[in-house]
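Encoded as structure tokens, the structure appears first; notes follow it.
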Amino acid sequence: GIRDRDVTGVQTCALPILSVYFSELEPEAGRDAAMLWNEEMAVAQKAFPGRFFGTAAVPLKDTKTAIDVLDHAINRLGLYGANLPGSVGTDPRIDHERLWPFYKRAEELGVPLFLHPTDAVFDKILEGYDDTLHFSLGRAIEVSVGAARLILSGLMEHCPELKIMMSHTGGCLPYQ
């Protein structure tokens, strides 16, 4: 919380979330859950102005719903950006062309999308060992695959002003 940040000297923070949950639900339920989460983020952001920057949950199962939720979060609630799961549930295709209008809208709004792994894609190959493989390699690999898919798909050329922030120190990409 904010008190922990006071002790460590951190003045501001943005709160990303593991947002795959909202994309696993049916579109209407995902929208409702994301809107509720986003409203809570807006309350926290207002409680700590200049210190806390909330990021929106966006359900990606339905593109129009994703755009509507993003617009509401940014334009009505004043959130700072949105969370981008590394997959849509267990589907790793966050670069799917059906989502390009969502990315175009984020670009138009000028808000960053915070790419975070979902923990859903590599779950079988990384199981065991008290989740050591998952936490040490899985998240770095998944965020790298997500970013590479966005780059290789041509999305970044289609949306040259799109802002993507990567979690887990950029995954493996800085070293490749």
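A compact table of results
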{"item": "Mean residue ellipticity (222 nm) of the chain, computed from DSSP H runs ≥ 4 via -39,500 (n - 2.57), nearest 500", "result": "-11500 deg cm²/dmol"}
{"item": "Accessible solvent surface per residue of the chain, calculated while the other protein chains remain in place, 1.4 angstrom probe, Å²", "result": "52 Å²"}
{"item": "The chain, accessible surface, carbon-and-sulfur percent (1.4 angstrom probe)", "result": "57 percent"}
{"item": "Cα-only radius of gyration and Dmax that characterise the chain, units Å", "result": "16.1, 45"}
{"item": "Contact order normalised by residue count of the chain, Cα under 8 Å, 6+ apart, percent", "result": "20 percent"}
{"item": "Reference-scaled alpha-carbon Rg (2.2 N^0.38 Å with N residues) for segment 104-176", "result": "1.23"}
{"item": "Surface accessible to a 1.4 Å probe, LEU79 within the full protein complex, Å²", "result": "10 Å²"}
{"item": "Rg over Rh [alpha-carbon atoms, Kirkwood Rh] for segment 21-110", "result": "0.97"}
{"item": "Longest DSSP-loop-exposure-free segment, GluC sites (Glu not before Pro), the chain, at most 15 other Cβ within 10 Å", "result": "1-126"}
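The values are calculated or read from the model by the stated rules, or taken from the named source; none is laboratory data. Since the structure is predicted, the reported quantities are computational estimates derived from the model, not experimental observations. Neighbour counts are summed over all protein chains in view; Cβ atoms, including those assigned to glycine, are modelled from backbone coordinates with ideal geometry. Note: areas computed on protein heavy atoms with side chains; ligands, DNA, RNA excluded. Shrake-Rupley method; radii C 1.70, N 1.55, O 1.52, S 1.80 Å.
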